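Scroll down for the structure; my scribbles are underneath it.
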Amino acid sequence: MNLVMAYPAIEEFALSSLGYMYLYQKAKEFDGINVERISTDNINCSQMNALSFSMSFDFDFMGVFEILEKLKIPFCVKERTKDMPLVFAGGPVITTNPRPYEDFFDFMLIGDGEELIENVINILKSNPDKKSALEKIKKLEGVYSKGNNAVKKTERLNNVIYSPLVSDKSYFKNTFIIEAARGCMNRCAFCTASYINLPFRSCDYNQIIEAIELGLTKTNKIALLGAQISAHPDFEKIMNYIKEKIESGTNIELGISSLRTDSVTRNMVQTLVLGGQKHSTIAIEAASEKLRRFINKNLKEEQILNAVKIARENGLKGLKIYSMIGIPNEEQEDIDEFIQLAEKLKSQNKGFNLEFSFSTFVPKPHTPLQWAKREDTKTLEKKQKYLEKELAKLGIKSKFSSAKWDYWQTVLSRSGDEIAPLLVYVYQNGGNISSYKKGVKELNINISKSIDGYNINEPLPWDAISIEPRKELLKNELNRLLHKKNFSKD
Ligand code: SF4
């Protein structure tokens, strides 16, 4: 029995994906199964009975097709012969909305992968016949296949997960990554990292410390991972532990992806600085207090000013401030409020390196904003130019995601199986923006719903997937948020 686990990008990224590498390590520990790993730039593998893909980003389908093509496996399930492997996928993209990909995979794993992969491997091992294995796998909880609904599988996170391998070829060079928490309890109304990973789970303090000690036997670079890592109940205690170790002579380079703006503390920043971090990121998500309240981010201007002050006073050299534009109900006055905030930040933090980074709002399934309209690209680009110009006047650097690519990300996120031919077309025609536009035209695919939004009472492509909180609760939450400011329901 041979299982090949593919990562749909280059090896450097495969090695940096904790979830993928962890599941590969776990699969390898099973008796009676040979497990190999491939990526787009390394497809050396034996004959296989099953081939899995881990999809973390909406555009990962390009890497999936590249690998299938190199392995001479047809893209669509119905074009494959009996002697070809079962092909399946999992990961956040699949959990959020597997519908665009259902023609390409025999089945898909919805939710946390730890137990799911174990159950799939047990069936594969005892059922050499592809058809009977598939029949049994389709009955498992957390497995979706075309026409069969699925309920998301949630793990209890009893054990801390960490990098099985430390490599200088990884994007995060020689870094030992520890998943200290999964999900986020804040439930910002646009955030899949929170909504598809509820409930928030954090790992036991002692296990995290043991993992840090284990990591230090392999490298001095330790990264703590979690959508909102600083929300860990023992975060301050973990920081103290690391701080004391560094102060008593242990060489530790500590990495934490972003800080929670409303709870940045001196101790936290000092530990990061002692651990070699010079810059960090805070996310404020929306331009104004009004919009932040609407998306449930509930962050006040004073809290932002205070977070930056603490970061500067305790040794960081700079801070990246991340926000979004194009949130429903955003008006010019919200954008102007942002400029005013930037002015205050600049004047109160002279010499401190501030950089603003903006993406455009991409409505995502299973969030209260899953029905929302996406703002048109021209308006978004106008807002980007305005912000760029105004921030440059203040001497502040700004970066923007591509509104055009975010548009296509919205299409990928909120469509059903009707876009499957488009995905193949895009891959075969170079994967650039014009290939998407041409594909939609030539194949006559209607993508308007994914952009204009869905009516609150109509069926959604991803209704096939049940995730807590379910649709009725998301509707209630949306109504609650709209009521806060008497926003229009349009
Ligand atoms: S945006 Fe950040 S704080 Fe808000 S729910 Fe997502 S992870 Fe949590």
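A simple spin-label model places pseudo-atoms 7 Å from Cα toward Cβ; at SER434 and LYS346 they are separated by 3.8 nm.
Which shape class, rounded, prolate or oblate, goes with the chain when its Cα gyration tensor gives a ≥ b ≥ c as root eigenvalues, a/c under 1.5 marks rounded, and past that a/b bigger than b/c marks prolate?
oblate
A simple packing score, the average count of other Cβ atoms within 10 Å per residue, orders the peptides 472-478, 323-329, 216-222 as 323-329, 216-222, 472-478, with the highest score first.
The length gained on full extension between ASN158 and ASP41, counted as 0.36 nm times the residue separation minus their Cα-Cα distance, comes to 38.7 nm.
Basic side chains Lys and Arg get +1 at the Cβ, acidic Asp and Glu get -1 at the Cβ, and with that the dipole of segment 154-257 about its Cα centre reaches some 300 debye. When you work out D = kT/(6 pi eta Rh) for segment 184-340 at 25 °C and 0.890 mPa s, using the Kirkwood radius from C-alpha pairs as Rh and the Stokes-Einstein form, the result is 146 µm²/s. Here's the picture: charge each Lys and Arg Cβ at +1 and each Asp and Glu Cβ at -1 in the chain, and of GLN207, LEU422, SER258 the one pushed furthest to the positive end of that dipole is SER258. In this simple spin-label approximation, GLU313 and ASN298 carry label points 7 Å from Cα along the Cα→Cβ vector, and these lie 2.5 nm apart. Fully extending the segment from ASN455 to SER132, taken as 0.36 nm per residue of separation minus the present Cα-Cα distance, adds 112.2 nm. Each label point was placed 7 Å from the Cα along the Cα-to-Cβ direction; for ASN329 and ASN174 their separation is 5.0 nm. Here the relative contact order of the chain, from alpha carbon pairs under 8 Å that lie six or more residues apart, stands at 13 percent. Both the radius of gyration and Dmax for segment 2-151 are 13.7, 36 Å, in that order, over alpha-carbon atoms.
Only helical runs count toward this figure. For the chain, summing -39,500 (n - 2.57) over DSSP H runs of n ≥ 4 and dividing by all residues gives -12000 deg cm²/dmol at 222 nm. Applying a 4.7 Å Cβ-Cβ cutoff to the chain leaves CYS45, CYS76, CYS184, CYS203 as cysteine residues with no disulfide-compatible partner. Between LEU165 and THR377, the contour length at 0.36 nm per residue exceeds the alpha carbon distance by 72.1 nm.
Ranked by how many other Cβ atoms sit within 10 Å of their own Cβ, fewest first, the residues ARG414, ARG187, ARG182, ARG156 fall in the order ARG156, ARG187, ARG182, ARG414. Loop-only check: which GluC sites (Glu not before Pro) in segment 288-331 are DSSP coil with at most 14 other Cβ within 10 angstrom? Answer in residue order: GLU331. Counting only Cβ charges, +1 for Lys and Arg and -1 for Asp and Glu, the dipole size of the chain around its Cα centre is about 760 debye. Local charge for TYR241 was computed over the other residues whose Cβ lies under 13 Å away, with Lys and Arg +1 and Asp and Glu -1, and equals -3.
Taken together, the values in this text are just the output of simple stated rules run on the coordinates, not laboratory data. Everything quoted here is computed from the prediction, not taken from an experiment. Backbone-built Cβ (ideal geometry, glycine too); neighbour counts: all protein chains shown.
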